[in-house]
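Right, one structure below, let's go through it.
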Amino acid sequence: MRKNRPTCHLLSNELLEARRLLTRLFDIDLDGDLDALADSAWYENYDGKGNFTQRRFALASPVNSVAGDLDGDGDLDFATNEAMWYENDGTGGFSLPIEIPNSAGNLTKVELMDVGGDGDMDVLSGSARLWSPIRLAWHENRIVGDTNDDGVFDSSDLVRVLMAGEYEDDVPNNSTFDEGDWNGDGDFDSSDLVLAFQAGHYVAAARPF
């Protein structure tokens, strides 16, 4: 009787510690087999037999990276402690980094879970500085432009942010998401409106009460 033997596989000439690898296996390209995620790259199981090739998605390295469906389209996106996330096109191709609004400082670790209980994945982060306490933060996943948090971006949201009176008011860093700062730079200006409409979530007619 042939006995099973442990086998070590090299992923792009890089040994990944077994316990860590086994908790980070996902079908990233939706081809029916398990790929691996580690640091700033994912490793495509290109033949379905455990032979891997490296696909780098982040420029920085090392990073703490996690996988989850951040945009609700059925595939796995990546979030990192760069305060960035990377959109998966469904085949394992990833977008340029998209900023996660962050006021918690330098992030050291991120995790994904539905903190708000609204059916989408939010980002939990931890940050630490020398001689300072660890800071935990919740980065809520909301539709860009949805300032009243009703799950839709429509004219009522535009009325709300314009009534706040902070559009291009020349006061630096005085705006929050609910006041029109949708790109996380601290201000409500034309770049936020461009971002919101380019995202394609705007509903022309407000929903009835």
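The values are calculated or read from the model by the stated rules, or taken from the named source; none is laboratory data. These numbers come from a predicted model, not from an experiment. Glycine gets a Cβ as well: all are built from the backbone with ideal geometry, and neighbour counts include every protein chain shown. Quick note on the areas: whole protein, heavy atoms, side chains included, nothing else; ligands and nucleic acids left out. Shrake-Rupley method; radii C 1.70, N 1.55, O 1.52, S 1.80 Å.
A few remarks follow.
- Residue in segment 44-63 that is open to solvent by 50 Å² or more (accessible area, probe 1.4 Å) and on the phi > 0 side of the Ramachandran plot present: no
- A single member of GLY151, GLY126 is of a type in the set (Gly, Ala, Ser), surrounded by fewer than 19 Cβ atoms within 10 Å (Cβ to Cβ) and either in contact with a Cys (Cβ under 7 Å, 6 or more places away or on another chain) or not in a loop (DSSP other than H, G, I, E, B) (or both), and it is GLY126.
- Screening ALA79, ALA41 for residues that are in contact with a Ser or Thr (Cβ under 8 Å, 6 or more places away or on another chain), within 27 Å of THR176 (Cβ to Cβ) and at pLDDT 85 or above leaves exactly one candidate, ALA79.
- Just one residue in the set LYS49, LYS109 is of a type in the set (Lys, Arg), part of a loop (DSSP other than H, G, I, E, B) and farther than 27 Å from GLN198 by Cα; that residue is LYS49.
- Checked against the criterion of being in contact (Cβ under 8 Å) with a residue 24 or more places away in the chain, closer than 25 Å to GLY119 by Cα and surrounded by 15 or more Cβ atoms within 10 Å (Cβ to Cβ), segment 183-192 contains one or more residues that satisfy it.
- Segment 132-148, subset in a loop (DSSP other than H, G, I, E, B) and buried (at least 16 other Cβ atoms within 10 Å of the Cβ), residue farthest from the chain's Cα centre (by Cα): THR147
- Contact annotation: residue pairs with Cβ atoms under 9 Å, 6 or more positions apart or on different chains, pairing a residue in segment 107-119 that is more than 16 Å from ASP150 (Cα to Cα) with a partner that is open to solvent by 80 Å² or more (accessible area, probe 1.4 Å) and in a loop (DSSP other than H, G, I, E, B), are THR108/ILE134.
- Residue match in segment 182-195 (condition: in contact with a helix residue (DSSP H, G or I) (Cβ under 7 Å, 6 or more places away or on another chain), of a type in the set (A, V, I, L, M) and either closer than 25 Å to ALA67 by Cα or at pLDDT 85 or above (or both)): no
- The residue that is least open to solvent (accessible area, probe 1.4 Å), among those in segment 82-106 that are at pLDDT below 85 and assigned to a strand (DSSP E or B), is ILE98.
- Residue check, ALA67 at pLDDT below 85 and in contact with a strand residue (DSSP E or B) (Cβ under 7 Å, 6 or more places away or on another chain): no
- For segment 164-173, the criterion of being open to solvent by 50 Å² or more (accessible area, probe 1.4 Å) and either touching a Pro at 6+ places or on another chain (Cβ under 9 Å) or modelled with pLDDT under 80 (or both) is met by none of the residues.
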